[in-house]
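Here, each number is a calculation from the coordinates, and none is a lab measurement. Being a predicted model, the structure only gives us computed values, none of them experimental. Cβ placement follows ideal geometry from the backbone for every residue including glycine, while neighbour counts extend to all protein chains displayed.
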Amino acid sequence: MPHSPAMSHSPVSPRGFPGTDKDKKSSDGGSVMDSVFAAALVAALGAVLYAAADQAVPALGLPGASDAKPHGSFWEFYEQNYLTDHANPQNKQMHFAGTGLVILLLAMYPGAALAMASALALGFGVFPYTRFLPNGAAEAAAVVSAFVLLSWRTTGKLYVPFLIMLCGYGFAWVGHFFIEGNRPATFIYPSYSLASDFVMLYQFGSSALSL
């Protein structure tokens, strides 16, 4: 039975059904909105966890804070731990270089910026529930997983989140291990230390902090 011209030239949409260019644009727009919605859900989950922590942590019977994590709030950590670990001017410069590259990549891939903000929100929410652990492995697993998956979803490029992490952590860890000679706070406070990188760069740029 011969095919009709209409059937032979009918475009196929990404979902495998006959469609048009208008259908494809609609599908792409839906994908973007789905990605934004997923990122918003992750951020909302982090906010809920953080807001409920004071009541939820005791209710769950979780142990008290580990001796390795004496700082409960972000600003307490930043002022009493982070700045002390970044006293060397050259270490600061390495962090500024890495964070600057991260900001450049986030500007190139706005979806990754949304993913990082959502992953950080999740990390801040998870922290109170994992504070009894002696390291930040569980918190880091949540943050990195959320960042990679959301970045991949929003940018469509799996290499983007890994490139961003390589730039940020690569420069910072060289500064810690080979210049200042101390251990990065990332291993204990992964979310707080990541947020602190941006705060320190902002304070330096606004002259609130010197080398």
Report task. Please give the number of the condition Ala87 fails out of (1) within 17 Å of His176 (Cβ to Cβ); (2) aliphatic (A, V, I, L, M); (3) surrounded by 13 or more Cβ atoms within 10 Å (Cβ to Cβ). Result -> (3)
Query - Selection count, the stretch 161-211, where residues are within 19 Å of Ser145 (Cβ to Cβ) and polar (S, T, N, Q) - result: 3
Query raised in the report: Can you name every residue in the stretch 37-70 that is under 17 Å from Leu150 (Cβ atoms), surrounded by fewer than 12 Cβ atoms within 10 Å (Cβ to Cβ) and touching a residue at least 60 places away in the same chain (Cβ under 8 Å)?
Result: none
Query raised in the report: Any chance the stretch 181-188 includes a residue that's touching a Leu at 6+ places or on another chain (Cβ under 7 Å), of a type in the set (Val, Ile, Thr) and more than 27 Å from Gln55 (Cβ to Cβ)?
Result: no
Report task. Please state which one of Ala185, Ala113 is among the aliphatic types (A, V, I, L, M) and within 23 Å of Phe37 (Cβ to Cβ). Result -> Ala113
